Amino acid sequence: MGKQTEAFKQMHPEQFSDSVIVKKAVLNKDYFDFYLDSLTSRGQEKEFEKFCRYIAEIEICPNLLPQTGPTGGGDSKVDTETYPVSELVCQNWYIGYADTAATERWAFAISAKKEWKGKIKSDVEKINSVNQNAQRGYTKVFFMTNQYVSDKNRANMEDELRKKYSIDVRILDKTWLLEKTFKSEKSLKVAVESFNLSGNFIDEKQVGTNDYKRQLKYDDIENKMTSDFTKPSELIDLSYKSVELARELEFTELQILDLIERSNRIAKRYGVPANIAESIYNAAYTMFWWYSNEEKFYEYFKELERITLAENNSYIYKLYTILFINLYSIKDNEYVRFDEHKSRLIEKYDSFINNKSKPNAAIEASSAFQLVRIILGDSINDIVNTLIENIKSDKAYLDSILPSLSMMMERIPIFENADRYDELFELVVSSMSKQNEKITASLMLARRGSRLKETKPYDAMSYFSRTLISFYSNDNKKYLIQAVLDMADIYQKIGLMWAARNYYYYVFCLCLNQYFKYGSANKALVISALALRLMDLNLGNIMYAIVFDELYQISEKVYPEKLEINPDYFFQFDFFLANCILNTPYDIKCMLTKLPSYLEEHGLALSNAALKYEYGCYDETILHELNDSKEAFDDFIGKISEQDTNNIKHDPWYGIENSHILHTTVLGCEIELKISQPYENGAFEFGSTILATIECFLGTGVINYLISLIGKILINLVYQEDSEQYFNIIQSDSKPNSLEIDYKPFVFTDTVKIQTAFQEFIVNLISVIISIMFPYEPECSKIMQTIKESAAFERSCILANSVILGLGTLGSQIFSYHSLTQNCESIKIESTPHPVNDSYNKGSKKSDNININGVNIVYCNSTPDNIDLNSISNENIITSSIINPLLWDKSNWKGVCYGFKDCPIISLIFFDVSCRTIFEDWINEIGSIDKNDIIGIRIIKGIDKNHPTWYRISIGPQKLFGNNDNIQIMYTPYRIHTMQPNNNYNLNQFEQLIKNASGYRILPSYMVNETSTFVPLNELSLYKNISSLVIYNAYEIPSDDFLATSAILPTDDPVIPPGKETAFVLSDIARKRGNIK
């Protein structure tokens, strides 16, 4: 045992074998030499054949078939031969010639005759004859003999037979057999068992507890390695672990080298650079610490160095620095070019430090390099100062260096010479203890969140949000990933689909980065891709859905374990995608002629058939399955098109349209965000992140009774290539609920600056959105409560990082229709296409109106009663957009006047021309004719018995637009104005006008001041059914007319005629007075 191994075993005895040899084997190599030489005299030719076959299986190839035949010079043409096995299985052998033994047919001739030359010539001649006559196809012959054959004689004989028969011949003599027999305990056991020798010839071990467990794991790994059901991605990890277990079981050096060679081979074949680097690092580490083989260590070190210099991967660099520290201890060996390696290490370090686009990589490289500086003789004060600076910066990437640093501080006395050693010591102890405490607390919060996820999702979200900061470190990435996955699931449950989508997107990109960096595939990579394919389909992002379907299939292959996924999911995705395609406007479908080829190539048969059908083509495969009946095919496609897919609620979008509207509803407020070409600059990524951020920050406010006072916000995302700022928010003066957000593309050479700019933008955006949705002071306390209790800022940081991470990992081109289909053939549109449906428009569907009966109506200054808010999704809440409080405040409504021109007219008089926007919005939403009575008007007379001619007008929603039948809470902003005339003349005249009218018009007028003449804006008039206008005496108001009851104030003292003392209006006023108290 070398000096390194002895030292390492003293420090880490748990990483070495704990078995004890209680009886040493007595089989002597010289004795066994003699034993082999005298086989024929004992008639053991058959045992020798068995022994040779077993040794060949261990050392050359395990796929050998035994042959039967006579013994003692009467051998048949071959004694054993290879049989074919799958490529995947043979790749996992760590013995022999795995690359060719599985596919070629090799013959083995075994002989115990003294005269080996004549025997090998005879055997090879027979094998060649069989090749020619029976077409056996042997490509190689192994001749195994119990005789010594000199190197010269072996080479001459092999060359002679190879030239004569054009077949590769290899001679394996007694020297080879003895070497392989005493190479390992397994081979020695084969010899003892093959010749029925005494059990005393095998070491008797008392197997230790650790070794017993290791051996079970090792055997399990080897079984998996040779299984046809093991994925290539799983082989990388299995072969790596087999090396670790074998060295701890203290396999012989020859055995461990075979396992290392297999691990390296598999990593190079199936892995990414990080996998290859890890495998080579493991080889070097094993050779140095377990076998003290300095030359072999150096060989592997140089191989890892080549990878490190070729890759810009800070994780690989960290492995390189660890081996460099080991190299320092053998630098005096004449074959070690230490100074050259030191120069390369420093040069690579400088490249990380100077790369401003990857600050995290620079931090990780810096942390690893500080430990190298110690052995290079740099000033210990400088090293300690840098370490203190790094630790104080609280960077997540430093967490992985703290355990190594603490160990070196304990074992390298020079640290104590540093001026600030005590400060460093306290910082390390403090950082590690704080980290442990934080993680323990965060894990408790996460477990609490998991338990509440189903029954109290808003509470659960708060618990998960509070874990995020602690989970950001490298060591705790697995906890971060699980927490973000849980939060994505909750967002989905509470109807915040963009937040859910971007959380899954963050997890996918994070796991993909980890896979490329470390070579290990996290289960979350598969789960997030699976979720994203359906989620993007739900949101109408067709090309994103298709790409994530492909990424899911790739992820499933690289993840080493088998996941139980319902196979129906694949058919459902294809079915829903086909439904979306069939319901896409035909003019858009005509631009997708390359898509069928792409869909067919990726196994989306229904979608491919549906789109080709739109072009007038019948898919031959499906048509054949339908007995070549085009009528049945038409019916089949029609049923797909007409299927009610409740989950698909947004218009399909392919990224070829000039513009597109992204939708969400948060706390009742509908938010529309418009993105436009060019999408390649990240318009969708920014737009989706903006909506996700709003959802993420405010969506949990439901539990605090937060409901938006504004029914709609409009956002226009505009690409400004020459902008000085990355982001700029412009709020419209004339329309306060309308925003323009300008952005310019990211320059990824300054990632830190981008992240900072985006986080500042998010804070500003949320502030603006809050000021729009909650313009009045009473809601501020609820907002602050939501921010504080639910850790809203912490979870919004995920989204700030997701857009940077996503664009940096996947970019936007990967989802581009033109990029995806650039190599696809275009389908010709037939002269008689049959588009199934050209009227699909889910995102802006207006034909259905929500019936307000049975819905919880929320009035101003009130909260929902008798409702479990944990069961309420954001999709269950709606705020009417008929009255825009911000716009009405700005327009300054002052009264009404009445008129008649073709029909009765009500003119609403404003003091600000912004009133135009109120009516323009109504006309855009409803049309110039309100045929569905969306807007309601109530006139309430007799509201003040001291002023009997006064009356009040109430305007607001009478019905609400929407295609959602699940509305449970409705917030209804309305506007009222008290008219104070001295007489009833105008109102009485108007009542006479509407008695026989079927409809009336409303229009805006505006006055510069109270003394000026009002100007009617006739071009903005809106025609309404007379049924939308109701005039009541106050004592006549029914309890079920919420627009009429909204016009009653707690300060009213209405006219109550005799006999009407029980009128509803009196109890309503009493209730409202009680609320004020």
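Only the coordinates and a few stated rules stand behind these numbers; no lab work does. Keep in mind that this is a model prediction, so the values were computed, not measured. As a convention, Cβ positions derive from the backbone with ideal geometry for all residues, glycine included, and neighbour counts pool all protein chains shown.
Listing for the model above:
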{"read-out": "Debye, to nearest 20: dipole size of the chain, +1 on Lys, Arg Cβ, -1 on Asp, Glu Cβ", "value": "920"}
{"read-out": "Local electrostatic count, Tyr719, Cβ distance below 9 Å [Lys/Arg +1, Asp/Glu -1]", "value": "-1"}
{"read-out": "Protection-proxy order for peptides 127-136, 1006-1015, 711-720, each taking the mean of Cβ atoms within 10 Å per residue, highest first", "value": "711-720, 127-136, 1006-1015"}
{"read-out": "Hits among lysines - C-alpha to C-alpha of Lys941 under 28 Å, sequence gap 8 or more where chains match", "value": "Lys890, Lys894, Lys901, Lys931, Lys959, Lys995, Lys1024, Lys1060, Lys1072, Lys1077"}
{"read-out": "Rounded Å value of the spacing that divides the Cα centres of the stretch 535-606 and the stretch 977-1005", "value": "58"}
{"read-out": "Selection from Asn737, Gln677, Ile710 lying farthest towards where the dipole of the stretch 659-812 points positive, charges on Cβ", "value": "Ile710"}
{"read-out": "For peptides 281-289, 146-154, sequence by mean Cβ density within 10 Å, most packed first", "value": "281-289, 146-154"}
{"read-out": "Interchain or long-range residues, amide H under 5 Å from Val896's placed H", "value": "Ile909"}
{"read-out": "For the chain, alpha-carbon Rg relative to the globular expectation (2.2 N^0.38 Å, N residues)", "value": "1.28"}
{"read-out": "Considering only the chain, percent of DSSP beta bridges that pair antiparallel, nearest 5", "value": "50"}
{"read-out": "The stretch 279-293 versus the stretch 125-202: alpha-carbon centroid distance in Å", "value": "32"}
{"read-out": "Principal axis dimensions, the stretch 659-812 - Cα atoms, whole angstrom, descending", "value": "44, 33, 23"}
{"read-out": "Ranked list, fewest to most other Cβ atoms within 10 Å of each Cβ, for Met409, Met784, Met535, Met461", "value": "Met784, Met409, Met535, Met461"}
{"read-out": "Dipole magnitude of the stretch 441-536, debye to nearest 20 (Cβ charges: Lys/Arg +1, Asp/Glu -1, about Cα centre)", "value": "160"}
{"read-out": "Highest to lowest packing among 918-928, 187-197, 630-640, 236-246, scored as the average C-beta count within 10 Å", "value": "236-246, 187-197, 918-928, 630-640"}
